[in-house]
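This is the structure, below, for whatever I ask next.
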Amino acid sequence: MNTKGMIAHEVIQGAPRTPEEWRVSELLKQYGCGPIGFVGSENAFYERHLVFDRIINPRVATARERFEAFSHSIRDILAQRWVLTRSTYNSLNPKRVYYLSMEFLIGRSLTNNIANLLLSPLVQHAVKEKGLDWLELIEEEPDAGLGNGGLGRLAACFLDSMATMELPAVGYGLRYEYGMFKQSIVNGWQKENPDNWIRSGDPWEVARPTEMVEVKLGCTFKLVAGSFQVLRGQPSNLIGIPFDRPVVGYGGKTINTLRLWAAAAPDYFNFEEFGAGGFAGAVEETLEAESLTRVLYPDDSTMAGQGLRFFQEYFLVACSLADIVRRFRRFNKDWDELPEKAAIQLNDTHPSLAVPELMRILVDEAHLGWDQAWDLTRKTLAYTNHTLLPEALEKWPVELFEILIPRHLQIIYEINRRLMDEVRHRFPGDEGRETRVSLIEDGSQLKVRMAHLAIVGSHSTNGVAAVHSKLLRTTTVRDLAEMYPRRFNNKTNGVTPRRWLLLCNPELSGLITNAIGEGWITDLNHLSRLKVLADDAGFRDAFLASKREAKVRFTDWLRSSSGVNVDPDTIFDCQIKRIHEYKRQLLNALRIVVVYNRLRENPNLATVPRTFFFAGKAAPAYRLAKLIIKFINNLAGTIDSDPAVRDKIKVVFLPEYNVSLAERLIPASDVSNQISTAGYEASGTSNMKFMMNGVLTVGTRDGANIEMAEEAGEENLFMFGLTVEQVENSRSWYNSHWHYDNEPETRAALDLIFSDYFSRNEPGIFTPIRDCLLTNGDHYMHLADLTSYCQAQEAVSALYATPETWAAKAIRNISSSGKFSSDRTIAEYAGEIWNVQSCPVPENG
Ligand code: 26Q
């Protein structure tokens, strides 16, 4: 039976009258929707959700109600394609990709879904017809901040690419009620506020209680005075309830699913206790269970050694694998087919308990022998590493395993016993190697090395940029790479050009489409056709005009939303990312102090005016990162109140960095700062977003910057600073004091800071910065790179003075950014790791 269009025909009435309405209704037919209610009928698209779902008069609906109703009407349009995608996969039974991630930083969905469904003409029409305030409406959608930063946003870009490329994929994550905290700035300091993003409900999610799964634990959790207590040796059960979100591929043909798990008590109510009059007790148990997936850990750089995080990781793995295995069993008989039907990608080690969990299922539940189970497990799983920082590598105490998942610990010990046998066999007499390779770290406390577990228990380990993959192999896990060299590979990150160019930068994307057509949207290599236009004066001027428009749009938004005034005719110089010592926001701040000193000394110095934007969150427990925020804000305040310089330089710290802020700021930027100490930033992804938006990079030879320079040619970027090799080779003798003693500008900048010039009313607060840079050896080598950084930035100013040459470089960057589409990255994962093919959903189901 053809059910397409049925629902739409029932609820959407009114015939199109104008040619514009006809165009829109033709478009809707592609989604199986009948003619839309163009007349102001209460049954029409959008209004019906206000009247029938919310029982309110459309004329008095609040902005939030209008946002919800509009989102529901977009959901109506995609609903049947979503159903059809699922049923197509079920009937064709292709190999599926399962992307397991503790984070999906998806941001807003409404505008993204409209764009990917090609519904912009419909929406423009409806907005006009109904007299809606569109900007106000879309502002009502909270950012789904279910991630810390790069790793979570990468997962979201990958979902977009997989759906666009018609790959049968499911994302699995957790439905945190509180995502990344909201950041406000009080007296220059970061303040964290909880972000209960889901409180008013979310129009995109669909609860699927019938597909819940059971998770067995070796202990019981109790909430006592707001914190968790564990009752050891008392096994308990929990329920995972899936909440599905649509992932719309560009063109709307494939609608994949992001499935997020919420924890609940086994029976929604404990009826026994309820019957005995213990209402409070019955509800309490539910509350305890739900608390387990309540909050995202806001730390991306150190192992927050919290038991609850360990539990969350197990909960994600247990729910997702139960779901994957259930689906596999529904459509397949033979366990040996598992690797032909499922590719499970582990986004960092966070879901690496999948190794013992899959072994447990295959051995204990499917009753396979160890060797067969091990073979299937390794062939099914693959692991992506995102960091080389030793303090960020996950290691969990053996004791936590004993308490929560004792069976998994037995399995890990058995994997390790066999691994140690293999080491002894292949490297006889090399005892040091055994200790280095072991899954168990022996110290004051026994710990499981999660990266080793993931590498040993999977068939692929990849880094996220060429230099990172190489360092991973040759330093971080060298011994394992020597044992299993063929498992190691590189998959350079990418970002989705739909959100990060088409949607966020209408000025530039319109210009590009005019010049080379729409093909770039799904094949970013088309951008190379712009290369010749770098030499076309007309195109250069059009580029500069589009940049200026984007800057004005940002400036207007900033003024109206926060009262901050910035001048669009200054260089917009940005560093937006998590605050971390290795990312070196401090290096950026130091060069601003150098520039400030120059201007103080020579008020008539010819300078190109600049606005320095910073944005980013510090982990709540990371004291130095929070002090760096305070320093940037004090620097901003001092400059603002200094009449000698304030027309030439301005520092702005934008609070609450999130996906939506990045979407506003990146198109408006001129300069992108990617200045990590070489060897520390695995890849970076905002560097790529800036590049495709015609922003020039000032960067170190680190992460994906290296590949960006390869693509565009070094002469089109501003590369500076020590290389990975130089950082490594100078570690033993590096002395930051040398720079203080021998470089007058470095010394003057530091002296100014430590004289409390920027902290007159708070003397001494920046002492930890002095300790970091001078007393404690400047681990991230800020002072080593300061001079060459300043020189690179001087070259930027010189270039900006000749807009034509600037524009030519920017256009060459855009035209060379094709490699950094996540479509390319996903094509590589699909071909080289997953061995999956696309599974197109038929036009007429
Ligand atoms: C681990 C244990 C306990 C609590 C938290 C964590 C945790 C959470 C998040 C550890 C790390 C993260 C996030 C890491 C991250 O975002 N890494 C970035 O990944 C990007 C995508 O590959 C890269 O581009 C960046 O270079 C990398 O820093």
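By how many nm would the segment from Val127 to Asn489 grow when fully extended, if each residue of separation counts as 0.36 nm and the alpha-carbon distance is taken off?
Full extension of this stretch gives 125.5 nm more.
Taking all protein chains in place and a 1.4 Å probe, what share, in percent, of the accessible surface of the chain do carbon and sulfur account for?
Working: 16780 of 32210 Å².
So the carbon and sulfur contribution to the accessible surface is 52 percent.
Search the structure for amide H atoms under 5 Å from the amide H of Asp348, placed 1.01 Å from N in the peptide plane, and list their residues when 5 or more places away or on another chain.
Residues meeting the criterion, in which the H sits 1.01 Å from N, are Thr384.
What value, in deg cm²/dmol to 500, does the helix sum -39500 (n - 2.57) over DSSP H runs of n ≥ 4 give at 222 nm once divided by the residues of the chain? Walk me through the numbers on the way to the answer.
Numbers: 33 runs with 370 residues, N = 845.
Mean residue ellipticity, 222 nm, calculated: -13500 deg cm²/dmol.
Hey, what's the per residue convex hull volume over the C-alpha atoms of segment 398-535, in cubic angstrom?
For segment 398-535, the hull spanned by Cα atoms encloses 186 Å³ per residue.
Further question on the same structure: With a point put 7 Å past each Cα toward its Cβ, work out how far Glu832 is from Phe228 in nm, to one decimal.
Using points 7 Å along Cα→Cβ, the separation is 3.7 nm.
With every protein chain in place, what's the accessible area of Cys839 (1.4 Å probe, Å², nearest 10)?
Answer for Cys839: close to 10 Å² accessible.
Gap in Å between the Cα centre of segment 198-254 and the Cα centre of segment 163-188?
Using only Cα atoms, the two centres lie 15 Å from each other.
Which order do Thr461, Thr164 take when ranked by solvent-accessible area (1.4 Å probe, heavy atoms of all protein chains), largest first?
Working: Thr461 0, Thr164 25 Å².
Descending accessible area places them as Thr164, Thr461.
Counting other Cβ atoms within 10 Å of each Cβ, which trypsin sites (Lys or Arg not before Pro) in segment 630-709 have at most 16 and sit in a DSSP loop?
Filter output for segment 630-709: Arg646.
I need to check one value: relative contact order of the chain, counting alpha carbon pairs closer than 8 Å and at least 6 residues apart, in percent.
13 percent
Here's something else I'd like to know. How many angstrom separate the Cα center of segment 519-590 from the Cα center of segment 293-357?
Here the two parts' Cα centres lie 38 Å apart.
If you restrict to DSSP beta bridges whose two residues both lie in segment 96-208, what percentage is antiparallel, to the nearest 5?
Percent antiparallel among DSSP bridges in segment 96-208 is about 70.
Among the listed pairs Lys182/Lys341; Lys491/Lys630; Lys491/Lys809; Lys216/Lys379; Lys128/Lys689, which have their C-alpha atoms separated by more than 30 angstrom in this model? Mind showing how you got there, number by number?
Working: Lys182/Lys341 40 Å; Lys491/Lys630 37 Å; Lys491/Lys809 27 Å; Lys216/Lys379 26 Å; Lys128/Lys689 32 Å.
With Cα atoms farther than 30 Å apart: Lys182/Lys341; Lys491/Lys630; Lys128/Lys689.
Continuing with the same structure: In nm, to one decimal, how far is the Asp442 label point from the Thr513 one, both placed 7 Å along Cα→Cβ?
The answer from the label model is 6.4 nm.
A further question on this structure: Calculated FRET efficiency, Asn193 and Ser91, Cβ-Cβ r, R0 45 Å, to nearest 0.05?
Given R0 = 45 Å and the Cβ-Cβ separation, E is 0.40.
Please return the longest stretch of the chain lacking exposed loop sites, where GluC sites (Glu not before Pro) count only if DSSP places them in a loop and at most 13 other Cβ atoms lie within 10 Å.
Values: sites that count: Glu42, Glu518, Glu843.
It works out to 43-517.
Suppose each label sits 7 Å from its Cα in the direction of the beta carbon; what would the Leu799-Thr474 distance come out to in nanometres?
Spacing of the two 7 Å Cα→Cβ label points: 2.8 nm.
Right, here's the next one. Please turn the phi angles of segment 565-573 into ³J(HN,Hα) values with the Karplus equation 6.51 cos²θ - 1.76 cosθ + 1.60 (θ = phi - 60°), one per residue in order, whole Hz, x for glycine and proline.
9, 10, 9, x, 8, 9, 5, 8, 10
Amide H to amide H, which residues 5 or more places from Trp396 or on other chains are under 5 Å from it, using H placed in the peptide plane?
Long-range HN contacts for Trp396: Val448, Met450.
Given H placed 1.01 Å from N in the peptide plane, which residues other than close sequence neighbours of Leu368 have an amide H under 5 Å from its amide H?
Val363
Let me ask you something else. Under 20 Å from the 7 Å Cα→Cβ point of Thr607, by amide nitrogen: which residues of segment 753-793?
So the set is 753-760, 786-793.
Quick check: residue separation of Asp751 and Leu135 times 0.36 nm, minus the Cα distance between them. What number comes out in nm?
217.1 nm is the gain from fully extending Asp751 to Leu135.
Here is a further query. For the chain, report the accessible area per residue in Å² (1.4 Å probe, heavy atoms, rounded to an integer).
38 Å²
Apply the membrane-span-like helix rule to the chain: whole DSSP H runs, Cα extent along the own long axis of at least 27 Å, mean Kyte-Doolittle hydropathy at least -1.0. List the helices found.
63-92, 307-331, 537-562
Computed FRET efficiency, Cβ-Cβ of Arg548 and Leu118, R0 35 Å: what is it to the nearest 0.05?
0.75
Determine the gain in length on full extension of the stretch Glu762-Phe427; use 0.36 nm per residue of separation and subtract their C-alpha separation, reporting nm with one decimal.
The Glu762-Phe427 span can extend by a further 114.7 nm.
Using each residue's phi in segment 612-618, evaluate 6.51 cos²θ - 1.76 cosθ + 1.60 at θ = phi - 60° and report the 3J(HN,Hα) Karplus result to the nearest Hz, with x for Gly and Pro.
Whole-Hz 3J(HN,Hα) from phi for segment 612-618: 9, 9, 10, 7, x, 9, 9.
Whole-Hz ³J(HN,Hα) for each residue in segment 477-493, computed from phi via Karplus 6.51 cos²θ - 1.76 cosθ + 1.60 with θ = phi - 60°, x for glycine and proline: what do you get?
In residue order, the calculated couplings are 10, 3, 5, 5, 5, 5, 6, 10, x, 6, 6, 8, 7, 10, 9, 4, 4 Hz.
Find the centroid of the Cα atoms in segment 69-100 and in segment 390-438, then give the distance between the two in whole Å.
Comparing the Cα centres of segment 69-100 and segment 390-438, I get a distance of 41 Å.
The values are calculated or read from the model by the stated rules, or taken from the named source; none is laboratory data. The structure displayed is predicted, hence computed values, not measured ones. Quick reminder, even Gly has a Cβ in these numbers, built from the backbone with ideal geometry, and neighbours come from all protein chains shown. When the accessible area is computed, the model is the full protein with side chains, heavy atoms only, and any ligands, DNA or RNA have been set aside. Shrake-Rupley method; radii C 1.70, N 1.55, O 1.52, S 1.80 Å.
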